[in-house]
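First comes the structure, then the notes that go with it.
The values are calculated or read from the model by the stated rules, or taken from the named source; none is laboratory data. Note that this is a predicted model, so its numbers are computed, not measured. Cβ placement follows ideal geometry from the backbone for every residue including glycine, while neighbour counts extend to all protein chains displayed.
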Amino acid sequence: MMKILITGSSGLIGSESVRYFYNRGDSVVGVDNNLRRYFFGPDGDTTSIKLRLLKELPQYRIVEADIRDRRAMQDLIKSEFPDAIIHCAAQPSHDWAKKEPETDFAINAVGTMNLLEATRQHSKDACFIYMSTNKVYGDAPNEISLKELSSRWDYTDSKYFNGIDETMRLDRSTHSIFGASKVAADIMVQEYGRYFGMKTVTFRGGCLTGPSHASAELHGFLAYVVKCAVEGRHYTVFGYKGKQVRDNIHSADVVNAFAEYIKDPDPGAVYNLGGGRANSISVLEAINEVQSRVGRQLSYTITDVNRVGDHQCYITDMSAFRARYPKWNVSISIRQILDEMCSEALKNAQR
């Protein structure tokens, strides 16, 4: 049995991690202070997820602490002495970050630094898993030549058929404030692995999704399309004719990747993490798929202006992670993801 400490434990990936490792027989401690409600209002509130976890998992414990509090993180890691830390806590939105850049940086960059240093001082042999983002590449992926198809953009060059790998540059691009703060944390996590020899890994996630996603207009596109369709809300598509493409990966497949790393850690590693071409979908395609599943039309408009630093077409090349961890693969298809999310949303709407 291991002790697993999970930050952002009531969020999408955090809660999936809690369930997975708890059901595996590990001792699990969550860390969450529900800042998502501050970021996104009632749509982002994760209280119901926290209460459900506490009810269903009797031995699960949660600590309401703020990762920006250096002393609290020192005390936490020292007292818990975890075997692995899964760091999912973050400010996750492009658009929100520009409202409060200092808050965004304090959470994403300084909070990660607080956890890294506390781990180095008090639990140096622990695996440190950091949930980064493909937004660390900024808008550099938009320099790849694209062709316009009827419902999506796609890469012109066959070199990118399988997507974007870890050699994509991080600098000389526009990231958004959020993307820049995640870059700072991303590089520091790698450095603690390479410089101090700690078991750190950075996962640059794309669209991570699932039925537990507390989505909002500013974060979680696929889950928010489902929410708007089921609840009769209006949906706004930001630019690119609605043909922007994202590859989606279910939270369960993300956590399975974490588990593979914990079995065989690779200090200072960095991997892109996404659903790949088979799980890619454009916004327009997603709207059509959701409408057919929920049995109603979605009211939406497409603006002429895209979000700053946003990707026009992004598909994740998972070759590096698959080569290092050949037992892992994407197990949940985009159709299964949509079936599960729509079914859960319709069920919740009837309660």
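Looking only at residues in segment 243-279 that are aromatic (Phe, Trp, Tyr) and part of a helix (DSSP H, G or I), the one that is farthest from Pro326 (Cα to Cα) is Phe258. Filtering segment 82-105 to residues that are under 30 Å from Tyr22 (Cβ atoms) and among the hydrophobic types (A, V, I, L, M, F, W, C) leaves Ala84, Ile85, Ile86, Cys88, Ala89, Ala90.
If we scan segment 94-105, do we find a residue that is of a type in the set (Asp, Glu), more than 22 Å from Gln244 (Cα to Cα), free of Cβ contacts under 8 Å to residues at least 12 places away in the same chain and part of a helix (DSSP H, G or I)? Yes, segment 94-105 contains a residue that is of a type in the set (Asp, Glu), more than 22 Å from Gln244 (Cα to Cα), free of Cβ contacts under 8 Å to residues at least 12 places away in the same chain and part of a helix (DSSP H, G or I). If you take the residues of segment 292-313 that are under 20 Å from Asp95 (Cβ atoms) and aliphatic (A, V, I, L, M), which of them is surrounded by the fewest Cβ atoms within 10 Å (Cβ to Cβ)? In this case the residue turns out to be Val305. Scanning segment 259-283 for residues that are farther than 24 Å from Val201 by Cα, touching a Lys or Arg at 6+ places or on another chain (Cβ under 9 Å) and surrounded by fewer than 19 Cβ atoms within 10 Å (Cβ to Cβ) returns no hits. Pairing each residue of segment 212-226 that is on the phi > 0 side of the Ramachandran plot and modelled with pLDDT of 80 or more with any residue that is buried (at least 23 other Cβ atoms within 10 Å of the Cβ) and not hydrophobic (A, V, I, L, M, F, W, C), provided the two are 6+ apart or on different chains, yields no C-beta distance under 8 Å. Restrict the check to segment 299-319 and report whether at least one residue is of a type outside the set (Ser, Thr, Tyr), within 22 Å of Lys199 (Cα to Cα) and modelled with pLDDT of 95 or more. Checked segment 299-319: at least one residue is of a type outside the set (Ser, Thr, Tyr), within 22 Å of Lys199 (Cα to Cα) and modelled with pLDDT of 95 or more.
Does segment 57-79 include one or more residues that are touching a residue at least 60 places away in the same chain (Cβ under 8 Å) and not β-branched (Val, Ile, Thr)?
To start, the set of residues in segment 57-79 that are touching a residue at least 60 places away in the same chain (Cβ under 8 Å) comprises 67, 76-77.
From what is left, the residues that are not β-branched (Val, Ile, Thr) are 76.
Yes, there is a match, as at least one residue in segment 57-79 is touching a residue at least 60 places away in the same chain (Cβ under 8 Å) and not β-branched (Val, Ile, Thr).
Residue count for segment 1-55, restricted to those that are farther than 19 Å from Tyr130 by Cβ, among the β-branched types (Val, Ile, Thr) and within 17 Å of the chain's Cα centre (by Cα): 2.
Taking the conditions (1) crowded, with 24+ Cβ neighbours inside 10 Å; (2) part of a helix (DSSP H, G or I) in turn, Met131 satisfies each one other than (2).
Beta carbons closer than 6 Å, at least 6 apart along the sequence or on distinct chains, pair a first residue in segment 286-309 that is of a type in the set (D, E, K, R) with a second that is at pLDDT below 95 and assigned to a strand (DSSP E or B) for Arg307/Phe238.
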